[in-house]
1. Using 7 Å Cα-to-Cβ label points, what is the E117/L178 separation (nm, one decimal)?
2. Given the options A118, P136, P45, identify the residue whose Cα lies farthest towards the positive end of the charge dipole of the chain (+1 on Cβ of Lys, Arg; -1 on Cβ of Asp, Glu).
3. Quick one: putting +1 on the C-beta of Lys and Arg, -1 on the C-beta of Asp and Glu, what dipole do you get for the chain around its Cα centre, in Debye to the nearest 20?
4. Compute the helix-to-body angle for 168-177: its Cα long axis versus the longest principal axis of the chain, expressed 0 to 90° and rounded to tens.
5. From the backbone phi of segment 73-90, what are the Karplus-calculated ³J(HN,Hα) couplings (6.51 cos²θ - 1.76 cosθ + 1.60, θ = phi - 60°) in whole Hz, Gly and Pro given as x?
6. Could you look at the chain and say what percent of its accessible area is carbon and sulfur, using a 1.4 Å probe and all protein chains?
7. Go through I183, L168, C101 and say which Cα lies farthest out towards the positive end of the charge dipole of the chain; charges sit on Cβ, +1 for Lys and Arg, -1 for Asp and Glu.
8. For segment 57-166, give the magnitude of the charge dipole about the Cα centre (Cβ charges: +1 Lys/Arg, -1 Asp/Glu; no others), in debye to the nearest 20.
Amino acid sequence: MNVLLDHFSAFRDGFIGTLEITVISTVLACVLGTVIAGFRVSPVPPLRFFGTAWVTILRNTPLTLLFLVATFVVPEIFFPGMSPFLLASLALGFYTSSFICEAIRSGIGTVPLGQAEAARSLGLSFSQTLRMIVLPQATRTVIAPLSSIIIALTKNSAIAGAFSVTELFGWQKAMSDLGYGIIPIFIWVAIGYLIITFAISGIFRLVESRMEVAR
């Protein structure tokens, strides 16, 4: 208990940092994942190729390596002076977008083909069909997988602590360096992560129940 009481402000900053990187990375991953999923089912071959390459490369690249590239390569070539927090958010968001893409693509596969054909017969373009007909139905079938992916993103954010980002795991390292016992430190870190992941689960359960009623 002493480790928390003596360093509560640092713990609070770490918790808020984890929450912030989770929210920003989630928004980025969801937007990119949805766009790339559209590319994956697009009738345009170059878009399908790009979507396939995006998913294949990011899903098969270790997340730590992406953090290394984002932290040490990207600022040297593209965005000098960008904060470690934003770089970590980009790495985590890009990585997770490949998993969200595949979840959404699997949901698209559950929508009857006849609905897309009917939309095209009414004169809707591919993008209009995807946006107005297919994606609203596909989203309902992938709520549970998306919940698991976002929870995994939250836990993956711990890697950011090794790259000068203020978050819970970084607090753990700082407290260990000060000589506090490892067990109470990990207990408080685990409680912090559990609060965030339980909140995510609750939000997705609420969304799922609302969509079941709409169905």
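The values are calculated or read from the model by the stated rules, or taken from the named source; none is laboratory data. On a predicted model such as this, the values are computed, not experimentally measured, just so you know. Note: ideal-geometry Cβ built from the backbone for every residue, glycine included; neighbour counts use all protein chains shown. Quick note on the areas: whole protein, heavy atoms, side chains included, nothing else; ligands and nucleic acids left out. Shrake-Rupley method; radii C 1.70, N 1.55, O 1.52, S 1.80 Å.
1. Taking the simple label geometry, E117 and L178 are separated by 6.7 nm.
2. Of the candidates, A118 comes out farthest on the positive side.
3. So the dipole magnitude of the chain works out to roughly 740 debye.
4. 20
5. Result, ordered by residue: 9, 4, x, 6, 9, 10, 10, x, x, 5, 5, x, 4, 5, 5, 5, 4, 5 Hz.
6. Ligands and nucleic acids excluded, carbon and sulfur give 70 percent.
7. Sorting the options by dipole projection puts first C101.
8. Its charge dipole is roughly 240 debye.
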